[in-house]
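Report on the following structure.
The values are calculated or read from the model by the stated rules, or taken from the named source; none is laboratory data. Here the structure is a predicted model, which is why all the values come from computation and not from measurement. So basically every Cβ, Gly included, is an ideal-geometry build from the backbone, and we count neighbours across all protein chains shown. Each accessible area value is taken on the protein alone, full model and side chains, heavy atoms only, with ligands, DNA and RNA left out. Shrake-Rupley method; radii C 1.70, N 1.55, O 1.52, S 1.80 Å.
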Amino acid sequence: MAVTPLHKMHELKIYNSISGKKEIFKPITEGNIGMYVCGPTVYSNVHLGNCRTFISFDMVFRYLKHLGYKVRYVRNITDAGHLENDADDGEDKVAKKARLEQLEPMEIVQRYTLDFHHVMSRFNSISPSIEPTATGHIVEQIEIIKTILDNGYAYVSNGSVYFDVQKFNETNNYGKLSGRNLEDMIANTRELSAQSDKKNPQDFALWKKADPQHIMRWPSPWSDGFPGWHLECTVMSTKYLGERFDIHGGGMDLKFPHHECEIAQGEAACGQTPVNYWMHANMLTLNGKKMSKSTGNTISPEELFSGNNDFLGKPFDASIVRFFMMQAHYRSILDFSNDALEASEKGFNKLMDAVQTLETLSAHEKTEGFDVESWKNECYDAMNDDFNSPILIAKLFDGVKFINILKEQKATISKQDLDMLKMTMNGFVFEVLGLVNSNEASSKVNDKLSGTVELLINLRAEARANKDFATSDKIRDKLLEIGIQLKDGRDGTSFSLH
Ligand code: AMP
Ligand code: ZN
C-alpha cells in the first residue's frame, strides 16, 4: 500500500518576507523543494549568532523532510568576493586574514570551513545537499555578467562591471524586498567621489578589477579581477535549483543590500524573479546588541562548550543551546544570557526524562485523561504556522505532563495511542527539533569506556599471572599516558580518569 506523504495532509504556511504575510506554501514541483541559504564567509570562526541562523534553517530543512518532501538544500561557502564592511571597495575578508596570518587565502578558507562543519555537527545540524563555493563558480559568474550586460542592465567602467540600478528600476522594482524606494535612496546618499567608477552610488559591483596588491584574482573579458559578493548566490542558486526556486533564506541583516541585489541580478539575467518564498531569521543578541564579529560582541561555540567566558557560569551542552534557540520563534530576536540557558537546561532535562520514561510505559485497554490525537494535531498546527517551534515545545510539554501522570499510574493509555504518543514525541524532539539526549549519549560512552578498561585490567591480570611483567607494565603505562590511572587494591584493580 502506498503511504501518503505527510505534506498532503498538512497546510504549511510560511511568512514570506517579500509580501510581509504568511502564505500557504506550494512548491513549484509537487513533492519537491529547492531551498538556498546564504552560508558563512570563511575568514574567522563562526560565533553563536551565525550558528543561530544556520540552526534555524536546519530546523526548517528537518521539518520539510519530516513532511515527506524531497528537499534539495543548497548552502554556499563564501570564500571570495566578500569585501570589508560588505562594501564594493576595500580588501577581501579572506585575503586580509591571509595577509595578517601570512598564509595562503585557501589555507584560511580550509581552516574556517572545517571549523564551521565541526561546530555545525556539534549542534547536530544536517549537512546541506550541496555546499558550493564562490571560487568554484567563477566561470559561471563571468557568464551571467555577460548576460546581464547583453540585457542592458550593467555597464563596464575602467575594467569593472557595475549593475545599473536606475536602468533596472525603470522596468522593475529595486527595493521591493527591503521595502525601500530608489528615489529615497538617491535623496539620502552623498555624491560619488571623483575617483569612483560608478555612474550612481546605488550601483553595485558584478566584477571588480583587482588592484595590484589584491591576490585573489581571475582573468575575465574585462580585467584580472574578482566577482562581486552578491553575484555568487545568484549563480549558485540558479545553477543547482533553477532560475526560479522555492525558498531562499538567510539572516535578517542580509535582506539589504545582499538579497535585494540577488533579486535584481536574477530578474536582469533571467527575466523572472528568482525566489517564491523569502525567509529571514532574526538575530541573536548579547546585552541587547546584535552578536557581531566586527564589534567583538560575541560568544563562540567553544567558549560555550567549555564554559570559558565571563558571561557563563558553567559549560553548556550543544543540545541545550539548540533547545534554547528552538524555544524562540526564528523571526524573533533572541537575547543570550546564562540565566536563560540555565532555565533551558531544566526544561531540556525534563523533556529528555519524559522521552525516556515513555519507553517504559505499558498500554491498557483504553486511554483516559488525554486526547492524544488532538494533541498530535496541535503539534503539527504549531509547525505548520510558519515553523512555530516555541508553541510546538509548549505542546510537547503537555505531552510530558501526561507521560508523568501515566508513570504515576494515575491515568491509562491504549496501545494505539501509546504508539502515536511515542511517534509524535520522538519525531518532533529528535527528527524535527534535532535534539540529542546528551545524558543518554554520554552514559553510553561511559559504559563503553568502562567495558574497555575492564577488559584491559583483565588482560593485565592474566599477564601478571603468567609472569609476563613486560606486558602488564605496558598496559598500565600506556593507559596512564592517555590519562587513565589503574589502582591495585585488596579487592582488585580500579581505575580513575585524569
Ligand atoms: P557572514 O559569515 O558574516 O556572512 O554571516 C553568516 C550568517 O550569519 C548570515 O546569514 C548572517 O545573517 C548571520 N548572522 C550574523 N550575525 C548574526 C546574529 N547575531 N544572529 C543571527 N544571525 C547572524
Ligand atoms: Zn548570499
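General remarks:
- Condition met for residue 373 (free of Cβ contacts under 8 Å to residues at least 40 places away in the same chain and open to solvent by 50 Å² or more (accessible area, probe 1.4 Å)): no
- From the list 267, 262, the lone residue that is among the acidic types (Asp, Glu), without any contact (Cβ under 8 Å) to a residue 60 or more places away in the chain and in a helix (DSSP H, G or I) is 262.
- Here residue 56 clears all of (1) buried (at least 24 other Cβ atoms within 10 Å of the Cβ); (2) more than 16 Å from ligand 2 (Cβ to nearest atom) except the condition numbered (2).
- Answer from 324, 256, 348, 311 - the residue that is of a type outside the set (S, T, N, Q) and modelled with pLDDT under 95: 311
- Flag set for residue 74, criterion: of a type outside the set (Phe, Trp, Tyr), touching a helix residue (DSSP H, G or I) at 6+ places or on another chain (Cβ under 7 Å), modelled with pLDDT of 95 or more and more than 16 Å from residue 280 (Cβ to Cβ).
- Within the stretch 8-53, the set of residues being open to solvent by 20 Å² or more (accessible area, probe 1.4 Å) and assigned to a helix (DSSP H, G or I) comprises 8, 9, 50.
- Residues in the stretch 270-320 that are in a strand (DSSP E or B) and over 30 Å from residue 151 (Cβ atoms) were compared, and the one that is most open to solvent (accessible area, probe 1.4 Å) is 289.
- Sole residue being among the acidic types (Asp, Glu) and under 17 Å from residue 294 (Cα atoms), chosen from 92, 115: 92
- Of the residues making up the stretch 104-125, those that are more than 16 Å from residue 41 (Cα to Cα) and surrounded by 14 or more Cβ atoms within 10 Å (Cβ to Cβ) are 122, 123, 124, 125.
- Pick from the stretch 246-265, criterion away from ligand 2 (no atom under 12 Å from the Cβ) and surrounded by fewer than 24 Cβ atoms within 10 Å (Cβ to Cβ), ranking: nearest to the chain's Cα centre (by Cα): 252
- Number of residues in the stretch 151-177 that are within 22 Å of residue 224 (Cβ to Cβ) and either open to solvent by 10 Å² or more (accessible area, probe 1.4 Å) or in a helix (DSSP H, G or I) (or both): the value is 6.
- Checklist (1) in a helix (DSSP H, G or I); (2) open to solvent by 10 Å² or more (accessible area, probe 1.4 Å); (3) out of contact with any helix residue (DSSP H, G or I) (no Cβ under 8 Å at 6 or more places or on another chain) applied to residue 62, failing item: (3)
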